[in-house]
Amino acid sequence: MLSEYSRDGGEKGEEELEESEMLEVEGLGLYKGKVRIVRSEEAAEEIMLLWGIQQPILSKHNVLVHQSSPQLHIDACGRSLSILQSPSSLGTPGVTGAVMWDSGVVLGKFLEHAVECRKVLLQEKKVVELGSGCGLVGCITALLGADVVLTDLPDRLRLLKKNVVANLYGDVRGSAIVKELTWGDDLDQDLHYPLPDYVLGSDVIYSEEAVMDLLATLLDLCGTHTTVILAGELRNDAILEYFLEAALKDFIVGCINQEQWHPDYRSQRVVIYIMVKK
């Protein structure tokens, strides 16, 4: 899964990184771009690195979306996608999937860019998206040729289904279905057999209580050929560190730097991780 090892050190803002501290590889899992590997003992150092380099608290929040609007319009895959939102639902405790977040836009456009650059192949690949929310990432992935299963909690599915129907019409290279999934529960057979080629998620690392259920579902979904790509906003360093500490026990984890993202959809508040099962 790891090939063509190289070391890359240099200055990042005020951080001087020794060459021995940075391990960069060409390709991890099914992703063919450069990845900076997070070593199994370095979760705390990774957090310090991210907050030191990207300084997320100094960056604007949600610059790519307007959560007060009932619709988000974004061009992707040769279409103008219209994603319905439910801004009034944000007042409900625990409900975040009723509106779009920057990390979802970043992930969707990253996948489009990666396919164009031939760093990711999605045509005829099985993809499971966790915490699909409004469905932008899953819709883009289907338009890129994948057979996608968009999943979320039961009370999120109505809005998700409306967006899939509204945006995946006519000539679509791939396919999309919507299914209920609660992290930590047993998987339906069609999710598990065959295991997916990719598992995607945006803003799925949001609470310490959900971390172990998320990881249990990732472990159930992943075979040795499965590649996990997660995008998330840098909000809470303690929760991200907790996730990385737990994930590194079972996964090889790498970080994809922003030079490989879509040039028009980048944010200092967002990070993209790629994971493969050990």
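With the full set of protein chains in place, find how many percent of the accessible area of the chain is carbon and sulfur; take the probe as 1.4 Å.
Working: 6150 of 12750 Å².
Heavy-atom surface of the chain belonging to carbon and sulfur, 1.4 Å probe: 48 percent.
Using a Förster distance of 22 angstrom, determine the FRET efficiency expected from the C-beta separation of residue 57 and residue 266, and round it to 0.05.
Details: r = 17 Å, r/R0 = 0.78.
Calculated transfer efficiency: 0.80.
Past 32 Å, Cα to Cα, is the threshold; run 162/249; 34/161; 32/162; 32/249; 179/277 against it and keep the listed order. Could you put the intermediate results ahead of the total?
On the way: 162/249 38 Å; 34/161 35 Å; 32/162 34 Å; 32/249 23 Å; 179/277 24 Å.
Violating the 32 Å Cα-Cα cut-off are 162/249; 34/161; 32/162.
For region 25-178, what is the accessible area per residue in Å², given a 1.4 Å probe and the full set of protein chains? Don't skip to the end; give the middle numbers.
On the way: 6620 Å² over 154 residues.
So region 25-178 comes to 43 Å² accessible per residue, rounded to a whole number.
Ordered by residue, what ³J(HN,Hα) values in Hz, to whole numbers, does region 53-59 give under the Karplus form 6.51 cos²θ - 1.76 cosθ + 1.60, where θ = phi - 60° and Gly and Pro are x?
Listing the rounded values in order: 7, 8, 6, x, 5, 8, 9 Hz.
Give me the Kirkwood hydrodynamic radius of region 189-278 in Å, from all C-alpha pairs, to one decimal place? Before the final figure, lay out the partial values.
Working: mean 1/r = 0.0727 Å⁻¹.
About 13.7 Å, per the Kirkwood formula over Cα pairs.
Roll a 1.4 Å probe over the protein heavy atoms and report the accessible area of residue 101 in Å², nearest 10.
50 Å²
If you average over every viewing direction, what projected area does the convex hull of the Cα atoms of the chain give, in nm²? It would help to have the intermediate numbers written out before the result.
On the way: hull surface 54.3 nm².
Averaged projected area of the chain's Cα convex hull equals 13.6 nm².
How much accessible area does residue 219 have with a 1.4 Å probe, in Å² rounded to the nearest 10?
Rounded to the nearest 10, that gives 50 Å².
Give the accessible area for residue 179 in Å² (nearest 10); use a 1.4 Å probe, count only protein heavy atoms, and leave out ligands, DNA and RNA.
Around 40 Å² of this residue is reachable by solvent.
Considering only protein heavy atoms, with the full assembly of protein chains and a 1.4 angstrom probe, order 252, 57, 177, 74 by accessible area, largest first. Provide the component values of the computation, followed by the final result.
Details: 252 35, 57 135, 177 90, 74 15 Å².
My answer, sorted largest first, is 57, 177, 252, 74.
Mind putting a number on the dipole of the chain about its Cα centre? Charges go on the C-beta only, +1 for Lys and Arg and -1 for Asp and Glu, and I need it in Debye to the nearest 20.
Values: 25 positive and 43 negative charges, 244 e Å.
That gives a dipole near 1180 debye.
Rounded to the nearest 20 Debye, what is the dipole magnitude of region 38-194 about its Cα centre when Lys and Arg each give +1 and Asp and Glu each give -1 at the C-beta?
Details: 14 positive and 19 negative charges, 120 e Å.
It comes to approximately 580 debye.
Using each residue's phi in region 177-182, evaluate 6.51 cos²θ - 1.76 cosθ + 1.60 at θ = phi - 60° and report the 3J(HN,Hα) Karplus result to the nearest Hz, with x for Gly and Pro.
Here the 3J(HN,Hα) series is 10, 10, 9, 6, 8, 9 Hz.
Would you work out which of 265, 83, 38 lies farthest towards the positive end of the dipole of the chain, given +1 charges on the beta-carbon of Lys and Arg and -1 on that of Asp and Glu, about the Cα centre?
Farthest towards the positive end: 83.
Arrange the residues 255, 77 by how much accessible surface each exposes, largest first, with a 1.4 angstrom probe.
Numbers: 255 10, 77 40 Å².
Order by accessible area, largest first: 77, 255.
The values are calculated or read from the model by the stated rules, or taken from the named source; none is laboratory data. The structure presented is a predicted model; accordingly, all values stated were derived computationally and were not measured. Note that each Cβ is placed from the backbone with ideal geometry, even for glycine, and that neighbours are counted across all protein chains shown. These area figures cover heavy atoms from the full protein model, side chains too; ligands, DNA and RNA do not enter into them. Shrake-Rupley method; radii C 1.70, N 1.55, O 1.52, S 1.80 Å.
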